[in-house]
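Everything below concerns the one structure shown next.
The values are calculated or read from the model by the stated rules, or taken from the named source; none is laboratory data. This one's a predicted model, so the numbers in the text were calculated from it and none came from an experiment. Neighbour counts run over all protein chains shown; Cβ positions are idealised from the backbone, glycine included. The accessibility values were calculated without ligands, DNA or RNA, using every heavy atom of the protein model including side chains. Shrake-Rupley method; radii C 1.70, N 1.55, O 1.52, S 1.80 Å.
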Amino acid sequence: MTAPLIGIERHRISTDGRGVTTLVAFHGCPLHCKYCLNPQCHDATGNCRVITPQRLLEEVSVDNLYFIATGGGVTFGGGEPLLRSYFIHEFCSIAPQEWNISVETSLNVNRQHLEEIMPHTDHYFVDIKDMNPHIYKNYTASNNEKVNDNLRLLAANVPPEHITIRLPIIPGFNNEKNRKASMEILRKMGFVNFDLFKYIIRKNENAQDNE
């Protein structure tokens with residue numbers, strides 16, 4: 001079993017979960033966001049690295065002492081990591097149980113991909129964009145029916161303190177009123193942790209930052 005990566009970033013602190021973490025970013029994403037943070041995840045030239053779960057474990061294990069000492073571990077991102085759910089499942093089956101496993105996801109995948117990684121995931125960072133289906137589609141070029149289905153699955157099976165919902169303001173697409181409406185919907189579903197920020201759009205660049 002193999003999966004394509006766009007990068008591995010070590011020694012991340014308090015950005016992708018607790019403690020010291022290593023971010024493993026996968027190639028591939030079902031969304032086509034107007035301001036994509038990692039446009040290389042859609043690069044069709046094949047300039048990404050292909051790796052096995054065992055080889056990935058060998059590489060990230062160099063930071064095992066940091067993970068154990070700080071309660072950190074590995075965060076899977078991308079792209080959309082849940083498109084590689086079977087790879088994540090295999091990796092977690094051979095990784096030390098003491099490691100904290102987090103996933104940064106849009107949840108815009110078929111339900112079985114989420115179900116595959118749920119037994120192994122300690123924390124979810126869910127990038128919602130906006131709960132309004134029209135705003136969501138305008139920004140991502142996709143609909144959010146799968147997102148809503150997977151949110152319900154998480155709400156029913158995962159303690160709310162293990163889920164962080166990321167809710168941005170995206171200039172030109174939504175505003176504070178839209179974000180408050182999204183938060184109200186999500187609170188009614190049982191979610192309590194929200195990461196609120198605003199995209200800063202760099203002129204003449206297809207990129208985004210958190211304010």
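Residues of the stretch 85-109 that are open to solvent by 70 Å² or more (accessible area, probe 1.4 Å) and either in contact with a Leu (Cβ under 6 Å, 6 or more places away or on another chain) or within 21 Å of Pro30 (Cβ to Cβ) (or both): Tyr86 alone. Touching a residue at least 40 places away in the same chain (Cβ under 8 Å) and either open to solvent by less than 10 Å² (accessible area, probe 1.4 Å) or under 27 Å from Ile163 (Cα atoms) (or both): is that true of Leu57 in this structure? No, not satisfied. Counting only strands (runs of 3 or more DSSP E) wholly contained in the stretch 1-108, the ones carrying 2 or more residues that are of a type in the set (A, V, I, L, M) occupy 3-13, 20-26, 49-51, 100-105.
Quick one: which residue in Val126, Val60, Val109, Val74 is on the phi < 0 side of the Ramachandran plot, at pLDDT 95 or above and in contact with a Phe, Trp or Tyr (Cβ under 7 Å, 6 or more places away or on another chain)?
Details: Val126 fails: in contact with a Phe, Trp or Tyr (Cβ under 7 Å, 6 or more places away or on another chain); Val60 fails: in contact with a Phe, Trp or Tyr (Cβ under 7 Å, 6 or more places away or on another chain); Val109 fails: in contact with a Phe, Trp or Tyr (Cβ under 7 Å, 6 or more places away or on another chain).
Exactly one of Val126, Val60, Val109, Val74 is on the phi < 0 side of the Ramachandran plot, at pLDDT 95 or above and in contact with a Phe, Trp or Tyr (Cβ under 7 Å, 6 or more places away or on another chain), namely Val74.
Ala69 fulfils the conditions (1) under 19 Å from the mean Cα position of the chain (by Cα); (2) open to solvent by 50 Å² or more (accessible area, probe 1.4 Å) except for a single criterion, (1).
Filtering the stretch 84-121 to residues that are over 15 Å from the mean Cα position of the chain (by Cα) and of a type in the set (A, V, I, L, M) leaves Ile94, Ala95.
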